[in-house]
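The values are calculated or read from the model by the stated rules, or taken from the named source; none is laboratory data. Please read all numbers here as calculations on a predicted model, not as lab measurements. Neighbour counts run over all protein chains shown; Cβ positions are idealised from the backbone, glycine included. All accessible areas refer to the heavy atoms of the entire protein, side chains included, with ligands and DNA or RNA removed. Shrake-Rupley method; radii C 1.70, N 1.55, O 1.52, S 1.80 Å.
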There are 2 protein chains.
Amino acid sequence: MPRQVDPAARRDAVSDAVLAIAADRGFTAVTIRAVAERIGASTSVVTHYVSGRDELLRRAVQREIAARKTQAEAAIAGRSGAAGLLALVRWAAADLDDQVRRFWLALLIAAPVEPVLRAELDAFNTWWDTRMRGLVAESGVPDPDVVADTVDVVVDGMIIGRFEEPGPVDAARRDRVLDRVWAALGLEASSPREVGERRIRRVTP
Amino acid sequence: MPRQVDPAARRDAVSDAVLAIAADRGFTAVTIRAVAERIGASTSVVTHYVSGRDELLRRAVQREIAARKTQAEAAIAGRSGAAGLLALVRWAAADLDDQVRRFWLALLIAAPVEPVLRAELDAFNTWWDTRMRGLVAESGVPDPDVVADTVDVVVDGMIIGRFEEPGPVDAARRDRVLDRVWAALGLEASSPREVGERRIRRVTP
């Protein structure tokens with residue numbers, strides 16, 4: 001019995017299925033057949049939208065990466081220098097949806113063996129490097145390269161650390177670490193507005 | 001044609017196969033059949049050594065974790081306080097074999113859905129927390145909890161960051177980040193010997 005389906009909704013359902021399968025079982029489990037099963041359709045429905053497995057992966061990953069970039073720019077909200085950097089880092093260290101976090105780890109693991117994933121991840125990393133290092137340069141700190149490398153380590157650590165501690169993120173604890181790192185990087189005093197924000201947060205119980 | 005096999009060697013081969021499959025395709029791909037195929041034996045050879053899939057996973061993970069702990073203690077080499085902490089962190093941030101790194105990430109991903117993996121990972125995390133936080137406490141820094149949380153974030157970040165940059169680790173770059181974090185945590189001056197070591201490294205081209 002043919003059903004009326006909105007092609008855009010169907011395309012989204014296909015990418016949703018790719019994300020869910022990759023998050024649960026890794027990218028090797030993402031096949032045209034597995035996606036079809038998950039959306040309750042035949043494989044020909046899936047291949048109607050994508051030319052093959054590579055395009056299936058590429059579309060889902062590109063959609064997810066585009067959504068993350070849009071979120072990041074909304075968080076930065078036009079700020080520059082140290083204030084923009086703090087906003088970007090807070091966004092990156094914010095609590096991710098559990099499935100989204102597992103999806104990104106699956107992407108990191110699979111990238112070395114799936115060229116289509118490698119290409120998308122490289123493009124995202126280039127964007128991140130350019131954006132983050134640009135804000136570091138604008139902030140005027142000495143040793144911008146060490147500062148940027150340290151920011152990378154801390155952001156990666158905050159993301160992966162969430163795997164070891166289930167449950168909601170302890171924001172106060174995360175902020176204490178960020179404050180400490182921020183001071184170490186010489187970024188604390190560079191943005192009076194952000195320092196003010198931190199002070200307000202500190203006196204709030 | 002029956003072959004003479006050393007049971008210990010066979011057991012190691014089974015665990016090696018679990019590690020390799022998990023690293024390449026995640027723990028969902030680790031089955032008795034997949035392990036048997038990988039070692040070129042029948043499934044009954046595998047089930048001769050383990051009672052089922054859970055025990056297969058448990059043994060391989062316990063062996064890997066025991067090896068990592070032994071390495072860590074060798075790196076600490078009886079040092080205490082800040083010097084012991086620096087040795088532990090350097091060991092944790094050192095370049096891991098690519099397969100071992102992918103195995104640990106696979107473990108992190110699978111732990112929420114495989115109770116046997118969750119139990120082993122929790123035991124390892126308890127050991128790490130006790131060891132690392134003990135050294136922080138001994139170092140006498142103020143705010144030991146913030147220091148320990150920051151160490152966790154930095155170590156996790158250094159491990160995951162290696163996925164984004166293939167090739168050998170840039171030790172000088174990693175050490176610059178560690179030096180910066182170390183200073184931020186108030187640990188720099190607490191161990192004259194380690195400060196001396198760092199100074200020597202800095203003047204070496």
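Brief remarks on what is shown
- Whenever a residue of region B:1-12 is more than 16 Å from B:ARG38 (Cα to Cα), its partners that are at pLDDT 75 or above, lying with C-beta atoms within less than 8 angstrom and at least six residues away or across chains, give the pairs B:PRO7/B:TYR49.
- Residue within region A:58-67 that is open to solvent by 20 Å² or more (accessible area, probe 1.4 Å) and over 17 Å from the mean Cα position of the chain (by Cα) present: no
- Single unsatisfied condition, B:ALA172 versus (1) open to solvent by less than 20 Å² (accessible area, probe 1.4 Å); (2) among the small types (Gly, Ala, Ser); (3) at pLDDT below 90: (1)
- Residue match in region B:34-57 (condition: within 14 Å of chain A (Cβ to nearest Cβ) and at pLDDT 95 or above): yes
- If the condition is being small (Gly, Ala, Ser), more than 16 Å from B:LEU107 (Cβ to Cβ) and surrounded by 15 or more Cβ atoms within 10 Å (Cβ to Cβ), then region B:10-57 contributes B:ALA13, B:ALA34, B:ALA36, B:ALA41.
- Out of A:GLY157, A:GLY134, A:GLY161, sole residue that is more than 9 Å from every other protein chain (Cβ to nearest Cβ) and part of a helix (DSSP H, G or I): A:GLY134
- Members of region A:77-92 that are touching a residue at least 24 places away in the same chain (Cβ under 8 Å) and either assigned to a helix (DSSP H, G or I) or β-branched (Val, Ile, Thr) (or both): A:GLY81, A:ALA82, A:ALA83, A:GLY84, A:LEU85, A:LEU86, A:LEU88, A:VAL89, A:ARG90, A:ALA92
- Failed item in (1) within 14 Å of chain B (Cβ to nearest Cβ); (2) assigned to a helix (DSSP H, G or I); (3) surrounded by 17 or more Cβ atoms within 10 Å (Cβ to Cβ), with A:VAL141 passing the rest: (2)
- Candidates B:LEU105, B:LEU117, filtered to the one that is modelled with pLDDT of 95 or more, under 30 Å from A:TRP104 (Cα atoms) and within 13 Å of another protein chain (Cβ to nearest Cβ): B:LEU117
- Condition check for B:ASP98 on (1) within 11 Å of chain A (Cβ to nearest Cβ); (2) more than 15 Å from B:ALA22 (Cβ to Cβ); (3) surrounded by fewer than 15 Cβ atoms within 10 Å (Cβ to Cβ): one failure, at (2).
- Total residues in region A:105-118, condition in contact (Cβ under 8 Å) with a residue 40 or more places away in the chain and surrounded by fewer than 21 Cβ atoms within 10 Å (Cβ to Cβ): 2
- Filter result for A:LEU85 (buried (at least 17 other Cβ atoms within 10 Å of the Cβ) and under 28 Å from A:ALA183 (Cβ atoms)): yes
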